[in-house]
1. Restricting to the range 45-64, give me the number of residues that are farther than 13 Å from ARG14 by Cα and more than 11 Å from the chain's Cα centre (by Cα).
2. Against the condition part of a helix (DSSP H, G or I) and not polar (S, T, N, Q), how does ASP33 come out, does it pass?
3. Quick one: how many residues across the range 106-128 are on the phi < 0 side of the Ramachandran plot and without any contact (Cβ under 8 Å) to a residue 24 or more places away in the chain?
4. For the range 32-41, how many residues meet the condition of being closer than 16 Å to VAL59 by Cβ and free of Cβ contacts under 8 Å to residues at least 40 places away in the same chain?
5. Quick one: in the range 126-154, which of the residues that are assigned to a helix (DSSP H, G or I) and small (Gly, Ala, Ser) is surrounded by the most Cβ atoms within 10 Å (Cβ to Cβ)?
6. Looking only at the range 4-25, decide whether some residue is without any contact (Cβ under 8 Å) to a residue 24 or more places away in the chain and crowded, with 16+ Cβ neighbours inside 10 Å.
Amino acid sequence: MTAETFKEKVHSMRPMLVEVAREILGNETEAEDVVQEALLRLWQLRDEPILNMENLARVVVQHLSVDTLRRRHKTVSIHEDDFADVSPPEGLNDEEERMMVHIAQLPMMQQTILRLRHVEEMEIDKIATMIGMTEVAVRQTLSRARRKIFAQFTKKGLKR
C-alpha cells in the first residue's frame, strides 16, 4: 500500500477510531494517543494483505485502549515500604510472565490474531471475517506466532 493510499484510508476512519477509543477510555487526549499508536502499528502492516483495514483498526484501537486502562490502574502512587509483604498475584507464575513478554515482541498482526483466538476465544472464521483475511491466512499467522513463542521458550531452556 502506498503512503498516499494509507493516508486516504486513515483520514476517512480516524474519527470513528477516536470515538471507539473515547468510549472505552472516557478521555479525549488518551483516545487521540491510542489512535495515533494504532495508526503507527497499522502503518507497519501496510505491506500485509489486509482486506478490511477498518475492522482491524477498530480491534487494534480496542486492545490498545484496554491496555491503557490497565496501565492507568497500575500507576497509583506508592512507596517502597508498600512492597515489603507483597506477593505475586495468585495463579501467576514466571512462565506466564515470560509468555506475555514473548507475545508482546511478536509482529502486531500475530499478536492480534493470537489474542483473538486464545484470549477472546474467537473461532478462526470469525477472526478471518473481522480482520479481512482468509481462514487459511489466519491459521498460518496463528501457527507462525505459536512457533515463534515455542522457539523462544525452547531456546531459553524452558521446555518441559
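1. Result for the range 45-64: 8.
2. Details: part of a helix (DSSP H, G or I): yes; not polar (S, T, N, Q): yes.
Considered against the rule, which asks whether it is part of a helix (DSSP H, G or I) and not polar (S, T, N, Q), ASP33 comes out as yes.
3. 10
4. Step one: of the range 32-41, the residues closer than 16 Å to VAL59 by Cβ are 34-35, 37-41.
After this cut, where a residue has to be free of Cβ contacts under 8 Å to residues at least 40 places away in the same chain as well, the list is 34-35, 37-40.
Residues meeting the conditions: 6.
5. Keep residues of the range 126-154 that are assigned to a helix (DSSP H, G or I), which gives 126-131, 135-154.
Filter once more, so that each one left must be small (Gly, Ala, Ser): 128, 137, 143, 145, 151.
Numbers: ALA128: 20, ALA137: 18, SER143: 12, ALA145: 23, ALA151: 11.
By that ranking, first place goes to ALA145.
6. Step one: list which residues in the range 4-25 are without any contact (Cβ under 8 Å) to a residue 24 or more places away in the chain, which gives 4-5, 7-8, 11-12, 15, 18-19, 22-23.
Among the residues that remain, those that are also crowded, with 16+ Cβ neighbours inside 10 Å are: 18, 22.
Among the residues of the range 4-25, at least one is without any contact (Cβ under 8 Å) to a residue 24 or more places away in the chain and crowded, with 16+ Cβ neighbours inside 10 Å, which makes the answer yes.
Let's see how each residue does on (1) within 18 Å of HIS63 (Cβ to Cβ); (2) not acidic (Asp, Glu):
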residue	(1), (2)
GLU95	no, no
HIS102	yes, yes
MET109	yes, yes
THR112	yes, yes
ARG115	yes, yes
ILE124	no, yes
ALA128	yes, yes
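Quick grid of which residues meet (1) at pLDDT 90 or above; (2) surrounded by 14 or more Cβ atoms within 10 Å (Cβ to Cβ); (3) not aliphatic (A, V, I, L, M):
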residue: GLU97; (1), (2), (3): no, no, yes
residue: ALA104; (1), (2), (3): no, no, no
residue: LEU116; (1), (2), (3): no, yes, no
residue: ILE124; (1), (2), (3): yes, yes, no
residue: LYS156; (1), (2), (3): no, no, yes
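The values are calculated or read from the model by the stated rules, or taken from the named source; none is laboratory data. On a predicted model such as this, the values are computed, not experimentally measured, just so you know. Cβ atoms come from the backbone with ideal geometry, glycine included; neighbour counts cover every protein chain shown.
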